[in-house]
Amino acid sequence: MNYIVFDLEFNQDFSSGATQKLHRHFFEIIQIGAVKLDQHLNALDTFDRYVNPTLYVEVNPFITELTGITTEQLDGEKAFPESYKDFIDFICGDDFVFCIWGMADLRELYKNIRYHKLDQKLLSRRYINLQTFAAQHLNLSQKTLPKLKTTVELLGIPLVHSFHNAFHDALYTAEVFRKINKDTILPDYYDPDFTTIRPKLPKQKVDFEKLIRQFEKMYAKDLTEEEQSMIKLAYKMGKTRQFSK
């Protein structure tokens, strides 16, 4: 049995246009990074691919600031269907377990696969969320799961790469796995078709004009159009929960 430690970087259009409404909460993959480990956690192979987006063709400036990935950098790269095929070839076999840092990457991987109408049966449903096991190892509350960088620092793993790069984060996650590995870390089963039934709440609409006036009152100044746009964009980005700690 092998472990596939993988990480993803995403792009999304944070505007209020029809595209976002059609693909609400959909994050398009723009980088896949992975490390293949054997049963003893020895590295067998690595995978690092940038993905040319087809849904949100322009990389959002906030994503570029976070990851360093630019629109120009992705020009000429393979689109997701071809990159997914390469990823499956890298996995090479059906006896493997995914290792992830948080559930978001696994969920978004399946969403991208479904959007492009690809074969999700090629993936293993077994996974290990190393973030929760790292929190247990560090005696941290499950309500405040640690960031990858925080965990790397607490475990004394050398900081040799930047973070928010899918390949670098996969390398760090593999190192965390080696540090905390024990017999009690067992795979869970992921069901991509499972949906949590939540009570439907009445839709709320933000009064942006009132919000802007409040900011102007707080800072005792008239906000420029650029400043107003930044406040509105920050609100919309916050709703996606991509940057939640």
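The values are calculated or read from the model by the stated rules, or taken from the named source; none is laboratory data. Only a predicted model underlies this, so the values are computations on that prediction, with no experimental measurement involved. Reconstructed Cβ throughout: ideal geometry from the backbone, glycine too, with neighbour counts over all protein chains shown.
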**Study point:** First in the stretch 172-196 and touching a residue at least 60 places away in the same chain (Cβ under 8 Å) and among the acidic types (Asp, Glu), second anywhere and assigned to a loop (DSSP other than H, G, I, E, B) and surrounded by fewer than 18 Cβ atoms within 10 Å (Cβ to Cβ), Cβ under 6 Å, 6 or more apart
**Key:** none
Check your understanding: Among the numbered criteria (1) out of contact with any strand residue (DSSP E or B) (no Cβ under 6 Å at 6 or more places or on another chain); (2) modelled with pLDDT of 75 or more, which single criterion is violated by Gln204?
Key -> (2)
Practice item. State all residues of the stretch 135-158 that are more than 18 Å from the chain's Cα centre (by Cα) and under 19 Å from Ala43 (Cβ atoms); if no residue qualifies, say none. Key: Leu155, Ile157, Pro158
Exercise for review: Please find, within the stretch 150-187, the residue that is farthest from Leu118 (Cα to Cα) out of those that are of a type in the set (D, E, K, R) and surrounded by 14 or more Cβ atoms within 10 Å (Cβ to Cβ).
Suggested key: Lys179
Exercise for review: Examine the stretch 24-32 for a residue that is over 30 Å from Asn181 (Cβ atoms), of a type outside the set (S, T, N, Q) and at pLDDT 95 or above, and state whether such a residue exists.
Suggested key: yes
Point to revise | Subset tally (residues that are assigned to a helix (DSSP H, G or I) and without any contact (Cβ under 8 Å) to a residue 40 or more places away in the chain) for the stretch 115-135 | key: 5
**Study point:** The listed residue being closer than 21 Å to Val5 by Cβ, out of contact with any Cys (no Cβ under 6 Å at 6 or more places or on another chain) and either β-branched (Val, Ile, Thr) or modelled with pLDDT of 95 or more (or both), out of Gln131, Gln73
**Key:** Gln131
Exercise for review: Being under 26 Å from Gly156 (Cβ atoms) and surrounded by 19 or more Cβ atoms within 10 Å (Cβ to Cβ) is the filter here, so list the residues in the stretch 99-126 that pass it.
Suggested key: Cys99, Ile100, Trp101, Asp105
**Study point:** Considering residues of the stretch 66-91 that are touching a residue at least 40 places away in the same chain (Cβ under 8 Å) and part of a loop (DSSP other than H, G, I, E, B) only, the residue surrounded by the fewest Cβ atoms within 10 Å (Cβ to Cβ)
**Key:** Gly68
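Does Ile157 satisfy the condition of being assigned to a loop (DSSP other than H, G, I, E, B), under 23 Å from Ile32 (Cβ atoms) and among the β-branched types (Val, Ile, Thr)?
When the stated conditions are applied, Ile157 passes them.
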Exercise for review: Go through (1) assigned by TED's automatic domain parsing to the domain that holds Leu106; (2) at pLDDT below 85; (3) basic (Lys, Arg) one by one and return the number of the condition Lys239 breaks.
Suggested key: (1)
